[in-house]
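Working notes, structure below.
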Amino acid sequence: MSIELVEKFLPYVDEQFSTESKKALLTNQDFDWEGAHSVRVYKISTSKMNDYGRNGPATGQWSRYGEVAPLSATTERMALRRDRSFTFVIDKLDEDETAQQLAAANALARQNREVTIPEIDAYTYTVMCSNAGGKPETYKALTATTIYTEILAASQALDDAEVPETERVLVVTPATYALMKKCKDITMETDVGNDLRLNGVIARLDGMDVQKIPANRLPTGFEFMVAHPCATVAPVKLEDFNIHQNPPGISGSLVEGRVVYDAFVLENKARGIYYYGQPITDPIPGTTPIEKETGGGTATQTPGQPSGG
């Protein structure tokens, strides 16, 4: 005699693991793209110091203050290059016959949590690493013995570039953090406030917040990065999400989303980022170069390549 056993479906979705965005500590929103596709910022040169000619101008000069030279004014043009979208449909019967687990609002939140946010984060981190002004002369895989030496070298590079000592963030992968825990020379402060923990900060080291980021959101070969938020502008100009109920041709919900965003490392502040890891080659294919206009014409910088000046 055969017995057909009961099979029960529970109103529960086995969600994938995901984390919220943690790039806010590393970037800024100093510029406003409201009403514009691109913005320009100026770079102004300075004048050198001279010896004052108390007894008269130096030979060949007419001013006792030294050679009179004009200041140069060039601009960096930052045009938004990432205009991304998604769409999917949920049939009305599918939603009803899955105990409402396919509800459009829940599906939209899941899409943002598991797809949209990770993409924006990964793009931003790649732009930062690619255009970092500080990198080691030679790259060698970190060990528990060498990791603190390399972190100190990164801090020294930012110090020499006169980057502000406050608000620096040390970004590490879980693997790099494990090496830090094994290093006998590293002593971290782990008493961190809850607001910082929500942004991924798990400790402090030498005045820097230590932020642990999943490796799948970072470039291949990433080991650590020290960054100051003043160096990177990461605008998100548009976040548009819509749920259309029973649109023409569909019995159910049509979900659409569009996000316009980008990330830019300011040329004069590129040394506010130090990247340690494998070299990054062509990490952001298909994006438009950043234009840099000067009095003599326009130069371009392809994302993923260091700036020339």
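The values are calculated or read from the model by the stated rules, or taken from the named source; none is laboratory data. Values in this document were obtained by computation on a predicted structure and should not be read as measured data. Don't worry about glycine lacking a Cβ; one is built from the backbone with ideal geometry, like all the others, and counts go over all protein chains shown.
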* Asked: Checking residue 115 against (1) touching a residue at least 40 places away in the same chain (Cβ under 8 Å); (2) within 21 Å of the chain's Cα centre (by Cα); (3) part of a helix (DSSP H, G or I), which single condition isn't satisfied?
  -> (1)
* To do: Just need a number here: residues in region 206-238 that are assigned to a loop (DSSP other than H, G, I, E, B) and aliphatic (A, V, I, L, M).
  => 3
* Go through 83, 51 for me and flag whichever is loosely packed, with under 15 Cβ neighbours inside 10 Å and either at pLDDT 95 or above or within 30 Å of residue 252 (Cβ to Cβ) (or both). => 83
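Residues are listed down the side, and each one gets a yes or a no for (1) among the hydroxyl-bearing types (Ser, Thr, Tyr); (2) at positive phi; (3) surrounded by 20 or more Cβ atoms within 10 Å (Cβ to Cβ):
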site: 114; (1), (2), (3): no, no, no
site: 118; (1), (2), (3): no, no, no
site: 126; (1), (2), (3): yes, no, yes
site: 133; (1), (2), (3): no, no, yes
site: 138; (1), (2), (3): yes, no, no
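Only one of 30, 83 is under 24 Å from residue 132 (Cβ atoms) and acidic (Asp, Glu); which?
Details: 83 fails: under 24 Å from residue 132 (Cβ atoms).
It is 30.
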* among the β-branched types (Val, Ile, Thr), surrounded by 20 or more Cβ atoms within 10 Å (Cβ to Cβ) and without any contact (Cβ under 8 Å) to a residue 60 or more places away in the chain - does that describe any residue in region 154-172? -> yes
* Asked: Considering region 61-72 alone, what residues qualify as being surrounded by fewer than 16 Cβ atoms within 10 Å (Cβ to Cβ), free of Cβ contacts under 8 Å to residues at least 40 places away in the same chain and not charged (D, E, K, R)?
  -> 61, 62, 63, 65, 68, 69, 70, 71
* Asked: In region 179-202, how many are over 20 Å from the mean Cα position of the chain (by Cα) and not in a loop (DSSP other than H, G, I, E, B)?
  -> 6
* Can you pull out the residues in region 252-287 that are of a type in the set (Gly, Ala, Ser), more than 17 Å from residue 128 (Cβ to Cβ) and either in a strand (DSSP E or B) or modelled with pLDDT of 95 or more (or both)? -> 252, 253, 257
* What are the residue pairs meeting all of these: first residue in region 85-103, first residue closer than 13 Å to residue 247 by Cα and of a type outside the set (A, V, I, L, M, F, W, C), second residue exposed (fewer than 13 other Cβ atoms within 10 Å of the Cβ) and modelled with pLDDT of 90 or more, Cβ atoms under 8 Å, and 6 or more apart or on different chains? -> 91/251; 92/246; 92/251
